[in-house]
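Okay, structure first, notes after.
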Amino acid sequence: MLVLGIETSCDETAAAVIEDGRRILSDVVLSQIDVHKEYGGVVPELASRKHVEAISFVIREALSGAGVEPEQLGGIGVTRGPGLIGSLLVGISAAKGMALALGKPLCGVNHLHGHLFAVFLERDDIHFPFVGLVVSGGHTSLYHVESPMEIQLIGRTRDDAAGEAFDKVAKLLGLGYPGGVVIERHAKGVDPGDLRFPRALMEKDSLDFSFSGLKTAVLRQAEEFFGRSRLNDAPGSFHALSIPSAGECVHEGVKLISAAFQDAVTDVLTTKGLRAAEMHKSEKLIVCGGVAANTALRERMIEEGLRKGIEAVFPAISLCTDNGAMIAARAEHLLSAGLSDDLNFSAKSRW
Ligand code: KG4
Ligand code: ZN
């Protein structure tokens with residue numbers, strides 16, 4: 001079956017065509033990063049406008065790149081939520097229009113389930129049940145995936161998501177947006193020495209996460225390194241620090257904080273992810289979402305996993321960050337089980 005997947009939950013307009021749930025025939029992602037960069041984060045109103053401008057082009061490119069006529073599709077999957085409501089509605093409206101015109105089944109897909117199911121596009125040795133960790137800009141959640149239809153949430157963040165913490169810390173250090181990639185670059189090869197940030201909720205039986213204390217600890221350390229006078233009040237509870245960024249002479253403190261922060265996040269995610277796999281006797285731990293693109297996390301998780309007899313499985317980086325193929329992969333499972341939605345469904349900002 002050929003499935004078209006459409007994703008517009010945040011700042012990427014994406015569409016892909018996959019075949020039989022395994023083969024990616026096309027995967028088009030149009031990022032809005034340059035639009036949001038100057039604001040230091042995603043501006044919802046701008047995001048929906050950019051999706052409106054891009055959606056038809058992106059879908060057409062996905063179909064022509066795959067060499068597929070719309071009539072050949074077996075079904076369409078579209079992200080229903082969670083995400084920015086205005087952005088979600090753009091993808092949903094386009095998908096509904098196509099489904100109606102073509103008379104094809106349509107599935108409203110949970111974006112987080114999409115992240116989890118991206119792994120099936122690369123691996124044919126993933127069997128149910130398994131434990132999955134979704135680490136993205138909006139979520140840090142552990143799932144016990146018993147079957148395609150039984151996906152239990154077994155742990156989640158009580159405050160910030162891991163990706164959100166990367167983004168906020170990068171903003172604090174004046175490194176720009178999005179934060180994950182720049183923090184990773186500044187942390188590369190740096191030994192934080194004695195600088196160690198707190199790890200929250202590490203008690204033995206907890207599968208929940210908390211990253212807001214870590215963010216505050218970073219702020220205090222930045223004050224110590226750079227002096228309070230360099231902190232400017234910014235909207236919200238956080239501060240913006242103006243210091244030279246990449247390319248210029250980067251303050252040693254920026255590198256140390258980046259490395260110690262990345263260590264702390266990596267440590268918590270690795271410990272809890274593997275703990276969840278052990279608790280649920282899962283030989284594999286699927287790690288997905290934007291933060292799963294982080295090399296330090298990938299290396300640490302794989303190495304520690306090996307020691308515990310658990311294989312940490314990371315999709316390719318292009319499948320970790322938001323894309324249409326993962327939405328198509330999830331839709332394929334739903335469509336194969338005979339499930340689809342009527343055209344009355346709406347977007348869900350929370351799910
Ligand atoms: O899954 P995703 O593309 O979008 C959401 O669904 O949120 O995740 C985006 C998040 C951002 O917070 C970004 O800073 C983070 O993933 N991210 C990274 C890296 N690349 C992206 N975090 C750490 N290291 C990276 N290399
Ligand atoms: Zn995502």
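The values are calculated or read from the model by the stated rules, or taken from the named source; none is laboratory data. Just so you know, these numbers come straight off a predicted model, no measurement behind them. Don't worry about glycine lacking a Cβ; one is built from the backbone with ideal geometry, like all the others, and counts go over all protein chains shown.
Only a single criterion out of (1) touching a strand residue (DSSP E or B) at 6+ places or on another chain (Cβ under 9 Å); (2) within 12 Å of ligand 2 (Cβ to nearest atom) is not satisfied by residue 126, namely (2). All of 180, 213 fail the test of being buried (at least 19 other Cβ atoms within 10 Å of the Cβ) and either within 16 Å of ligand 2 (Cβ to nearest atom) or not hydrophobic (A, V, I, L, M, F, W, C) (or both), apart from 180.
Screening 118, 94, 66 for residues that are assigned by TED's automatic domain parsing to the domain that holds residue 25, within 15 Å of ligand 1 (Cβ to nearest atom) and touching a residue at least 60 places away in the same chain (Cβ under 8 Å) leaves exactly one candidate, 118. Restricted to region 67-99, and to residues there that are in a strand (DSSP E or B) and not aliphatic (A, V, I, L, M), the residue that is nearest to ligand 2 (Cβ to nearest atom) is 79. In region 257-346, which helices (runs of 4 or more DSSP H) lie fully inside it and hold 3 or more residues that are in contact (Cβ under 8 Å) with a residue 40 or more places away in the chain, in contact with a strand residue (DSSP E or B) (Cβ under 8 Å, 6 or more places away or on another chain) and not aromatic (Phe, Trp, Tyr)? Qualifying helices (runs of 4 or more DSSP H): 317-320, 324-336.
Go through region 137-167 and give me each residue that's among the polar types (S, T, N, Q) and either buried (at least 24 other Cβ atoms within 10 Å of the Cβ) or away from ligand 1 (no atom under 16 Å from the Cβ) (or both).
140, 147, 152, listed by residue number.
Across region 1-20, the number of residues qualifying as farther than 13 Å from residue 111 by Cα and either of a type in the set (D, E, K, R) or within 13 Å of ligand 2 (Cβ to nearest atom) (or both) comes to 3. Just one of (1) away from ligand 2 (no atom under 16 Å from the Cβ); (2) under 21 Å from the mean Cα position of the chain (by Cα); (3) closer than 21 Å to residue 273 by Cβ; (4) of a type outside the set (A, V, I, L, M, F, W, C) fails for residue 146. It is (2). Looking at region 267-283, is at least one residue on the phi > 0 side of the Ramachandran plot and away from ligand 2 (no atom under 16 Å from the Cβ)? Yes: region 267-283 contains one or more residues that are on the phi > 0 side of the Ramachandran plot and away from ligand 2 (no atom under 16 Å from the Cβ).
Each residue in region 160-172 was checked for being away from ligand 2 (no atom under 16 Å from the Cβ) and touching a Lys or Arg at 6+ places or on another chain (Cβ under 9 Å), and 3 of them qualify. Taken together, the residues in region 169-205 that are within 9 Å of ligand 1 (Cβ to nearest atom), touching a residue at least 60 places away in the same chain (Cβ under 8 Å) and in contact with a helix residue (DSSP H, G or I) (Cβ under 7 Å, 6 or more places away or on another chain) amount to 6. Identify all residues within region 67-93 that are farther than 26 Å from residue 148 by Cα and surrounded by 18 or more Cβ atoms within 10 Å (Cβ to Cβ); write none if there are none. Answer for region 67-93, where residues must be farther than 26 Å from residue 148 by Cα and surrounded by 18 or more Cβ atoms within 10 Å (Cβ to Cβ): 86, 87, 90.
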